[in-house]
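What follows is a set of notes on a single structure, which appears directly below.
The values are calculated or read from the model by the stated rules, or taken from the named source; none is laboratory data. Everything numeric here is computed off the predicted structure, so don't read it as measured data. Don't worry about glycine lacking a Cβ; one is built from the backbone with ideal geometry, like all the others, and counts go over all protein chains shown.
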Amino acid sequence: MHDQPDHKGSSPEPGLNLLIIDDDEGILELLTAYGRLSGWHTVPATSLAAALNALASFAFEPSVIILDWQLPDSDGLSSIRSLRQRTFSPILMLTVRNKESDIIEALNLGADDYVVKPFSPGQVLARCQALSRRRDSLIRSTKGSVITTHDLVIDRERRQCLQNGSPVNLSTLEFDLLVHLARHSGRVWTRDELLQRIWGDVGDAFDRAVDVEIGRLRRKLGDPPENPRYIETVRGVGYRWRDETTSPARL
């Protein structure tokens, strides 16, 4: 049915754009039907190649991407890597794999949410709407200003982070978390507060989501938790961005 995305020669209308990547025709039809009823413009793809072609062909950024783990031409982790090279749109994994190690690994690579099959299409679309709202809200709130802290320059409008002049490749959640912490230097945030502020309506999906994202962000910034320059763990409470006046001297 959908060997290639069915775009019928036209670009999606502005609004809620949903890219669904799954080789199960029944799932594509089900989510497409539910999505259209909820106001989504849906673009189905049965392979990673078809999805990448959709991203290259359409003059739009998907509001959300639904991604199956096992595709004919790719596995879930390789798919996340490939998609993250081309887009920062939120990715919701939709898969039969329910091991905690799989969930954590997918989150580590840049997935934003994870739903195990069998699933409720209404719940999946609700999660997509929550991811889209969080993304849109953060984009609106971060336009037009630059944060300079330590050796970092964080351009919130361009969604770019430079460290000593070199770009740091961050996922959507990593960048959003970095901006939030850096904007409130010295303020301690509990995990629950960060879940609500950064993850919003989908924050309760993963107990370890904050720790996973903090770990990823630290690794990319070269910020060892035992001797942090940027993100400090406040034991039993949460995390805070270190004030420059209290941070270790730069080497």
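Brief remarks follow.
- Matching entry among 92, 194 (being modelled with pLDDT of 85 or more, in contact with a Gly (Cβ under 9 Å, 6 or more places away or on another chain) and surrounded by 18 or more Cβ atoms within 10 Å (Cβ to Cβ)): 194
- Residue that is nearest to residue 17 (Cα to Cα), among those in region 90-129 that are among the polar types (S, T, N, Q) and out of contact with any strand residue (DSSP E or B) (no Cβ under 7 Å at 6 or more places or on another chain): 129
- Any hit, region 203-216, residues being surrounded by 19 or more Cβ atoms within 10 Å (Cβ to Cβ), out of contact with any Cys (no Cβ under 8 Å at 6 or more places or on another chain), of a type in the set (Val, Ile, Thr) and modelled with pLDDT under 90: yes
- Only one of the numbered conditions (1) in the same structural domain as residue 79 (by TED's automatic domain parsing); (2) under 12 Å from the mean Cα position of the chain (by Cα); (3) modelled with pLDDT under 90 is not met by residue 133, and that is (2).
- Test: residue in region 136-155 that is modelled with pLDDT of 85 or more, touching a Pro at 6+ places or on another chain (Cβ under 8 Å), surrounded by fewer than 16 Cβ atoms within 10 Å (Cβ to Cβ) and part of a strand (DSSP E or B): no
- Selected residue (only one of 9, 26 is modelled with pLDDT of 80 or more and loosely packed, with under 12 Cβ neighbours inside 10 Å): 26
- Meets criteria (at pLDDT 90 or above, crowded, with 22+ Cβ neighbours inside 10 Å and assigned to a strand (DSSP E or B)) for residue 65: yes
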